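The values are calculated or read from the model by the stated rules, or taken from the named source; none is laboratory data. Everything numeric here is computed off the predicted structure, so don't read it as measured data. Here the Cβ is made from the backbone with ideal geometry for all residues, glycine too, and neighbour counts use every protein chain on show.
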Amino acid sequence: MPRADAPANDGLLPAWLSPGAAVIASLGVLACLALALAPTTASEGRVMWTFARPHYLMYESRVEAWNQTQTPRIDLKLISLPAMERRMMSAFLGGVPSADLIEIERRAVSRSFAGPIESVGFYDLTDRLKQEGLLDAINAPSFSPWTSRGRVFGLPHDVHPVMLGYRADLVEAAGIDVSKIETWDDFARAFSKLQVDANNDGEPDRFALNMWETHNDHLELLLAQAGGGFFDESNRLTVDSDINAHVLATIVTWIAGPNRIAADAPNFSAAGNRLKADGFVVASFFPDWMGDIWKHEIPSLSGKMKLMPLPAWQKGGRRTSVWGGTMLGIPKTAAKTPEQFEELWKFAKELYLSQEFTEILYRQGGIVTPVKKHWSSPLFDEPNAYFSSQPTGRLYINLAPDVPHRNSSPYNTLAMNRVADALVRLAEDARRDKVYDYAALKDRARALLKKAHAQVADQIARNVFIAEPDAAVTATPLQPGAFAPPRPAERGGLVERSETGEGSWSPGTQDDQVAAVPSPASPAAKRSSPRQRGDESRDPQSDMKVGGGA
Amino acid sequence: MSAKAAAMPASSARSPLAPWLFLSPFLICFGVFTVYPLIQAVLLSTQTTFGPGATRFVGANNFIALFRDPLFWKACSNTLVYTLGSIFIQLPLALGLALLLESPNLRGRSWLRLVLFSPSMVGVVFAAMMFGLIFEKRTGLLNQLLHGTLGIVGIEWDLDFGWLQQHVMLGLIVASLWMYVGFNMTFFAAALQNVRKDLVEAAIVDGAGPVSRFWNVTVPAIRPVAGFVVLMSVIGSFQLFELPYIMFSSSAGPDNRALTIVLYLFQNGFEVGDLGYATAIGWALAVILVGCTMVQRLLARGEEAAA
């Protein structure tokens with residue numbers, strides 16, 4: 001019944017409908033109508049998701065060409081990476097359809113590998129890759145982020161070798177010959193000459209390297225370059241390894257103390273770009289995709305930059321690393337018949353492996369294809385004006401085979417975060433206590449990494465699926481040597497002196513490396529993978545074991 | 001009973017299904033969207049799961065692991081620091097601003113009210129990005145300001161001072177002050193308008209000074225509203241997520257210094273994919289919030305009894 005003080009109804013509305021209720025009801029009806037009449041974009045043919053606008057722009061013409069001549073029609077959609085990860089995982093976990101082809105980034109895809117191997121939502125491509133010779137045709141390290149328990153679930157998009165980009169105008173004016181720089185020690189010695197105190201405040205206004213304890217990507221690539229990281233080839237946790245402790249301690253000597261050579265010029269930020277343009281940092285880490293970003297974001301440095309291989313952690317060591325990575329996968333729900341799978345597989349190969357795409361990938365994104373037969377293309381020898389006319393494609397390709405292998409563990413990000421925490425604590429402890437001595441830093445790094453290791457191990461131990469025998473029984477061994485990671489000595493990373501297991505690491509020489517290849521009885525050999533030991537049959541229960549760090 | 005009701009047939013008036021029929025829309029929605037998810041959440045917290053097809057019962061293991069997890073305790077301590085900052089800095093400031101706005105001599109009251117309230121109309125994401133830029137090291141507004149200002153008196157301020165590295169919680173509290181102090185001020189301003197003028201005048205007649213009037217007249221009068229604001233602030237603070245998540249680029253900041261309980265829940269549930277553990281964190285948060293609410297109610301009841 002209307003309240004006595006309610007506004008008078010002038011007879012336009014029924015007695016039971018007050019003006020307020022009428023307004024609300026009208027809004028409800030209008031909203032429903034708007035929703036019902038809103039144009040919907042129904043997908044035609046097969047849907048492919050990608051997460052990066054540059055990728056989307058690169059694929060547009062290829063997809064258009066495909067749609068004009070081939071079937072099924074491909075509907076390319078750009079979706080933000082977090083949204084894609086949520087949708088993909090929801091679909092995989094619920095067993096419902098998502099897209100028909102999913103292009104996804106390394107860290108986002110690793111979550112799909114967390115459960116039993118048969119629960120991975122992507123088709124296992126291993127056998128097809130073997131049959132068609134693609135395991136050999138594609139750069140071996142490019143498969144590693146999409147390989148779980150010996151099975152490959154994605155077609156690699158890239159290699160992403162990392163070089164060091166430096167301000168050639170400043171370096172050459174100072175008379176520094178970068179060809180003589182082989183190791184990080186050489187780099188620190190040579191480039192520290194460039195650190196000047198222009199305003200006489202006692203602090204340099206220019207630093208040799210763009211590196212800080214909060215730069216997780218840089219930390220990860222340096223660990224990978226050194227042969228460290230978070231998991232070994234047998235998926236055993238190696239957060240507390242001696243190599244990691246060495247890298248962390250060395251980084252702190254770069255970013256803190258009297259011999260500091262590094263400063264913080266964040267990537268992908270206006271503030272960081274300004275610092276780079278102003279010459280606050282001389283050298284930065286450059287994966288192949290980074291050059292294109294700098295071209296657009298810091299055009300003022302065109303013609304002033306040059307690339308050089310990363311200095312190695314020791315003489316003769318690996319001169320590159322890896323940063324980023326993308327794959328194209330076919331969800332199991334996308335193809336219910338072999339014919340449907342074939343259609344999608346054909347498109348995937350056409351998109352990623354063709355010569356035309358190699359050219360688009362390089363010209364539009366600066367990205368080097370993982371398809372080895374295309375590496376001989378003269379395209380990669382073209383001078384790059386941004387980098388003082390260097391043939392940057394060729395420089396990256398020369399390093400591509402040496403790119404370190406990575407692990408596809410769903411716990412990589414977690415482990416990375418814990419190691420990054422350890423680096424932050426180490427740097428702050430060093431600044432607080434004014435202890436910059438490498439040996440002392442390394443001892444402290446060991447303790448911090450041990451704690452980080454325990455935290456990650458606890459988390460992994462809660463995942464009953466990965467360690468269960470039935471979780472990996474469907475995994476069949478790869479062909480020996482198909483794309484098995486080489487031994488540490490072959491990779492050029494640092495090698496632990498595993499015989500003692502007491503953390504007696506030293507940078508060492510080539511001889512040291514050879515001597516340090518684990519003997520069958522050594523602890524390191526016990527940790528090494530069946531592939532390393534030459535076994536053709538993998539022990540399924542060896543996957544994702546906790547512990548076993550140095 | 002009215003004549004109309006009395007005239008209704010007895011059978012329809014006494015139908016046992018009638019109340020349930022009228023209640024059914026609410027009961028169905030409540031059951032589907034509240035009771036069922038709650039039961040599922042209890043079950044999920046006792047499982048390790050990888051989608052509905054792969055679940056394992058682990059009993060209380062998630063809760064046991066939670067209580068042994070140093071990161072959970074770090075998240076709790078960070079959240080508590082932020083909550084205390086919200087209560088002991090933000091709310092007194094909000095009350096002070098409300099008192100200022102109530103001052104009879106203040107000119108431009110409406111304009112000032114709008115200025116103070118307007119940050120709460122800004123999205124958290126925008127505020128987080130803005131404060132991220134303000135606290136930036138070399139190019140940030142704060143460091144540049146301190147460098148320029150202190151430089152005048154001959155003090156060198158380090159442009160590379162990392163506010164968001166060394167004073168993470170301070171940065172978050174300052175950002176939340178900017179966003180929410182005006183919002184809470186409006187509650188206090190409304191409460192102050194309801195303070196009985198006759199009591200204030202009686203206190204003046206009795207010779208009470210401004211401080212005495214504030215403690216003995218104003219504070220008791222606004223206590224129910226203050227209790228509500230404190231409770232809302234505590235609940236809001238314990239649910240802190242977007243501000244650190246955006247300010248620290250989807251991470252928990254250096255050495256997890258910006259890790260809050262909800263952020264830790266998010267990391268476990270949606271980044272690691274450990275939904276059982278994330279649910280256990282959710283239950284822990286629920287217990288904390290229920291505890292806070294009960295404490296607040298007990299305090300309020302005690303005060304009512306004392307009055």
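Structure notes:
- Any chance B:LEU170 is farther than 30 Å from A:ALA263 by Cβ and aliphatic (A, V, I, L, M): no
Matching residues to (1) surrounded by 20 or more Cβ atoms within 10 Å (Cβ to Cβ); (2) at positive phi; (3) within 14 Å of chain B (Cβ to nearest Cβ):
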{"position": "A:LEU170", "(1), (2), (3)": "no, no, no"}
{"position": "A:VAL178", "(1), (2), (3)": "yes, no, no"}
{"position": "A:SER192", "(1), (2), (3)": "no, no, no"}
{"position": "A:LEU222", "(1), (2), (3)": "yes, no, no"}
{"position": "A:ASN235", "(1), (2), (3)": "yes, yes, no"}
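- Here the condition is being within 14 Å of chain B (Cβ to nearest Cβ) and of a type in the set (A, V, I, L, M, F, W, C); of A:PHE231, A:PHE207, it holds for A:PHE207 alone.
- Subset of the stretch B:171-186 that is among the hydrophobic types (A, V, I, L, M, F, W, C) and touching a residue at least 60 places away in the same chain (Cβ under 8 Å) - its residue that is surrounded by the most Cβ atoms within 10 Å (Cβ to Cβ): B:LEU172
- With respect to the conditions (1) buried (at least 23 other Cβ atoms within 10 Å of the Cβ); (2) among the hydroxyl-bearing types (Ser, Thr, Tyr); (3) closer than 30 Å to A:GLY366 by Cβ, A:SER388 falls short on a single one, namely (1).
- Conditions (1) β-branched (Val, Ile, Thr); (2) out of contact with any Lys or Arg (no Cβ under 8 Å at 6 or more places or on another chain); (3) within 25 Å of A:MET84 (Cβ to Cβ): number failed by A:ILE360: (2)
- The residue that is nearest to the other protein chains (Cβ to nearest Cβ), among those in the stretch B:43-63 that are free of Cβ contacts under 8 Å to residues at least 60 places away in the same chain and part of a helix (DSSP H, G or I), is B:ASN61.
- The set of residues in the stretch A:232-276 being among the aromatic types (Phe, Trp, Tyr) and touching a Lys or Arg at 6+ places or on another chain (Cβ under 9 Å) consists of A:TRP254 alone.
- Screening A:ARG431 against (1) in the same structural domain as A:SER234 (by TED's automatic domain parsing); (2) surrounded by fewer than 23 Cβ atoms within 10 Å (Cβ to Cβ); (3) touching a strand residue (DSSP E or B) at 6+ places or on another chain (Cβ under 9 Å) leaves a single unmet condition, (3).
- Helices (runs of 4 or more DSSP H) wholly inside the stretch B:206-282 that include at least 3 residues being without any contact (Cβ under 8 Å) to a residue 12 or more places away in the chain and surrounded by fewer than 18 Cβ atoms within 10 Å (Cβ to Cβ): B:210-213
- Set A:ASP201, A:ASP177: member being over 27 Å from A:ASP421 (Cα atoms), acidic (Asp, Glu) and modelled with pLDDT of 95 or more: A:ASP177
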